Amino acid sequence: MKHKLIGIDLAKNVFQVCAVNQAGKLVFNHEVGRARLGEVMTSQDPTQVAMEACASAHYWGRKFERMGHHVILIPPQHVQPFVRGGKSDARDALAIVEAAQRPKLHPVPIKSVLQQDLQSIHRVRSQCIAQISAAGNQIRGIAREYGVELKSGIHALVKHIPEVLEDGENELTPVVRQLASEQLEHLRRLRLRSEALHARMIELASQDPAYCRLLELPAGATWRWSGRRLSLPRLDRQRSLVPKGP
């Protein structure tokens, strides 16, 4: 039987699958285990499948598209207004079905494997940059307790710490000098890690035709998107479009 629309409330292990017919009436709304979800969707005739754009949505979207289904990912904020009553997986799945039928819905594009690889590296690198900032702030805070003011900025801090450690006239104790030396080494390792991740991002991005086309755009170029005129920032071709961290 061909359904008009199937809505899936994604989860870790137990998914809620809801289907409506051509008349918009509910056909079923039941739980499906992770191990059986692929089997259940394979048994369905190709149709439209709607899910929230949340964790694992892009993976399942690619999988269902390979089965012949047309998949749309809905921003979670567009689903919430259609949830009726208290929180439950069945109501959430039904809300996804209702939201998917709204006119002028702007779904989230399904990411390719390459795009998700880039996103994963970016998230790890962002965490690395946050750790660099935290370690630098910690070193400054500890030194300040001993009357030593270190320079702001990671680059200046890394350059300044050795000078401070060699200064025998400040009030840093041997314990703090050892800690600062260890933290300096930790900072250097984090920065090397961040640079390596950045290089990997550039290498992967160069495989994306869209990235290559963007590099070909002249500086100051303009284009229209959603009726608005946008200006392309001036791009130095020797620099990456992916901003470097501290």
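The values are calculated or read from the model by the stated rules, or taken from the named source; none is laboratory data. Since this is a predicted model, take the numbers as computed values, not measurements. Ideal geometry is used to build each Cβ from the backbone, glycine not excepted, and the neighbour counts take in all protein chains shown. To get the accessible areas, we keep the full protein, side chains included, count just its heavy atoms, and leave off ligands, DNA and RNA. Shrake-Rupley method; radii C 1.70, N 1.55, O 1.52, S 1.80 Å.
Of (1) open to solvent by less than 60 Å² (accessible area, probe 1.4 Å); (2) touching a helix residue (DSSP H, G or I) at 6+ places or on another chain (Cβ under 6 Å), ARG193 satisfies all except one. Which?
That leaves (1) as the condition not met.
Check whether at least one residue in the stretch 8-20 is surrounded by 14 or more Cβ atoms within 10 Å (Cβ to Cβ), closer than 30 Å to MET201 by Cα and aromatic (Phe, Trp, Tyr), and report yes or no. Talk me through it step by step, then tell me what you get.
Applying the first criterion (surrounded by 14 or more Cβ atoms within 10 Å (Cβ to Cβ)) to the stretch 8-20 yields 8-11, 15-20.
Next, only the ones that are closer than 30 Å to MET201 by Cα stay: 10-11.
Now drop any that are not aromatic (Phe, Trp, Tyr), which leaves none.
No: zero hits.
Applying the selection to the stretch 163-187, what residues are closer than 25 Å to CYS128 by Cα and open to solvent by less than 40 Å² (accessible area, probe 1.4 Å)? Show your work before the answer.
Pass one, the stretch 163-187, residues closer than 25 Å to CYS128 by Cα: 176-187.
The answer is VAL176, ALA180, LEU184, LEU187.
For HIS3, only one of the following conditions fails: (1) surrounded by 13 or more Cβ atoms within 10 Å (Cβ to Cβ); (2) within 30 Å of ARG123 (Cα to Cα). What is its number?
HIS3 satisfies every listed condition except (2).
Of all residues in the stretch 200-240, how many are open to solvent by 60 Å² or more (accessible area, probe 1.4 Å), in a helix (DSSP H, G or I) and at pLDDT 80 or above?
Qualifying residue count for the region: 4.
Can you pull out every residue in the stretch 108-118 that is farther than 15 Å from ALA210 by Cα and open to solvent by 50 Å² or more (accessible area, probe 1.4 Å)?
The one that is farther than 15 Å from ALA210 by Cα and open to solvent by 50 Å² or more (accessible area, probe 1.4 Å): ASP117.
Do we find a residue being more than 31 Å from the chain's Cα centre (by Cα), surrounded by 14 or more Cβ atoms within 10 Å (Cβ to Cβ) and in a loop (DSSP other than H, G, I, E, B) anywhere in the stretch 150-161? Let's see the steps before the verdict.
Initially, the stretch 150-161 is screened for residues more than 31 Å from the chain's Cα centre (by Cα), giving 150-151, 159-161.
Among the residues that remain, those that are also surrounded by 14 or more Cβ atoms within 10 Å (Cβ to Cβ) are: 150-151, 160-161.
Checking which are in a loop (DSSP other than H, G, I, E, B) leaves us with 150-151.
Yes, the conditions are met somewhere in the stretch 150-161.
For PRO75, which of the numbered conditions (1) open to solvent by less than 30 Å² (accessible area, probe 1.4 Å); (2) within 15 Å of SER112 (Cα to Cα); (3) not hydrophobic (A, V, I, L, M, F, W, C) fails to hold?
Here PRO75 clears every test but (2).
Please tell me if ALA143 is over 30 Å from ALA23 (Cα atoms) and either modelled with pLDDT under 95 or not charged (D, E, K, R) (or both).
Details: over 30 Å from ALA23 (Cα atoms): yes; either modelled with pLDDT under 95 or not charged (D, E, K, R) (or both): yes.
Yes: the conditions hold for ALA143.
Return the only residue of ARG66, ARG144 being open to solvent by 40 Å² or more (accessible area, probe 1.4 Å) and closer than 30 Å to PHE28 by Cα. Outline the logic, then answer.
Working: ARG144 fails: closer than 30 Å to PHE28 by Cα.
Just a single option satisfies the conditions, and that option is ARG66.
Touching a residue at least 12 places away in the same chain (Cβ under 8 Å), among the charged types (D, E, K, R) and within 30 Å of GLN178 (Cα to Cα): which single residue out of ARG144, ARG140 fits that description?
ARG140
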